[in-house]
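Chemist: Take a look at the following structure, please.
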Amino acid sequence: MIYSIVGTNIIIREQGLKELQAVGEVTRHIYAEESQELQPLISATSLFDTAAVVVCIQLSENASSKEELARLLPDMQTSSNIFIIDEPFADIHLTNKLLKVSKKVFDAREKAIKDDSIFKITNSFIARDKKQAWLDFLDIKTRESGESIQGVLWWKFQTEWQRVKEGKRSLFTEDDCKRVGGDLVRSRILAHRGERDLFLELERIILSL
């Protein structure tokens, strides 16, 4: 069984993730570099005869993992285990495939995003490349809303935070994640209250990397 989340709209994503808590506790996260470990999970069984809940995070990040995901979609659809496919930057082709095989798709695509350049900042941000992230920010702020930029940064950073919790290699420590993650969440809240300018808050966070 497959559930999918596509897009970066933070409100719809949070609604989807909250609703999907009802399918059961997550037993495994699969990232792009682990795509070859996905197939055995399709037929895996539990000692307690309960369905495994596997979250597949941005497998379309590179060509090989995207191909593996597409190949396994039919088997994942008929599996007794549950697969939550999280693809914030899915292209139209992958989105259409997910629409055909998913029990439910949470469509969080940002209609306001005009081009893919907004996603470049997520890579420089996670790489803690302060200068490049700042340059990427200056570039996209002329075309995109602060909410769109905050949304993609928060999604990507949540993914990195989960990796840190699982002991995977990262340039961030647990304390770094709490600081940066907290700042990203508060930036949107303070902006909505009219207490801070969201663009200035995001620039401050980037320069604090």
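Every number here is computed from the coordinates shown, using simple stated rules; none is lab data. Being a predicted model, the structure only gives us computed values, none of them experimental. Cβ sites come from the backbone with ideal geometry, for glycine too, and all protein chains shown count toward neighbours.
Chemist: Using only Cα atoms, figure out Rg for the chain and give it as a multiple of 2.2 N^0.38 Å.
Modeler: Expressed relative to 2.2 N^0.38 Å, the Cα Rg reads 1.05.
Chemist: Report the residue, chosen from L99, L198, L135, that carries the largest GNM mean-square fluctuation when the chain is represented by alpha-carbon nodes joined by springs under 10 Å.
Modeler: Of L99, L198, L135, the most mobile in the Gaussian network model is L135.
Chemist: Right, here's the next one. Which of the trypsin sites (Lys or Arg not before Pro) found in region 117-167 are in a DSSP loop and have at most 15 neighbouring Cβ atoms, other than their own, within 10 Å?
Modeler: R128, R143
Chemist: So, one more: Calculated from DSSP H runs of 4 or more alone, at -39500 (n - 2.57) each and per residue, what is the 222 nm mean residue ellipticity of the chain, nearest 500?
Modeler: That calculation yields -16000 deg cm²/dmol at 222 nm.
Chemist: Round to the nearest 0.05 the FRET efficiency obtained for S145 and E37 when R0 = 45 Å and r is the Cβ-Cβ distance.
Modeler: Efficiency at R0 = 45 Å is approximately 0.75.
Chemist: Pick out which of R186, R28, R169 has the largest mean-square fluctuation in a Gaussian network model of the chain, springs linking Cα atoms closer than 10 Å.
Modeler: Maximum fluctuation in the GNM of the chain, among the listed residues, is at R169.
Chemist: Taking all pairs of different Cα atoms in region 2-108, averaging 1/r and flipping that mean, what Kirkwood radius in angstroms comes out?
Modeler: One over the average 1/r among Cα pairs gives 13.7 Å for region 2-108.
Chemist: Among the lysines, which have Cα under 18 Å from the Cα of K97 when same-chain residues fewer than 8 positions away are ignored?
Modeler: K66
Chemist: Show me the GluC sites (Glu not before Pro) within region 1-51 that DSSP assigns to loop and that have at most 13 other Cβ atoms within 10 Å of their Cβ.
Modeler: E25
Chemist: Relative contact order for region 17-128 using alpha-carbon pairs under 8 Å, separation at least 6, rounded to a whole percent?
Modeler: Reported relative contact order: 23 percent.
Chemist: When the Cα centres of region 20-64 and region 117-188 are compared, how far apart do they sit, in Å?
Modeler: 24 Å
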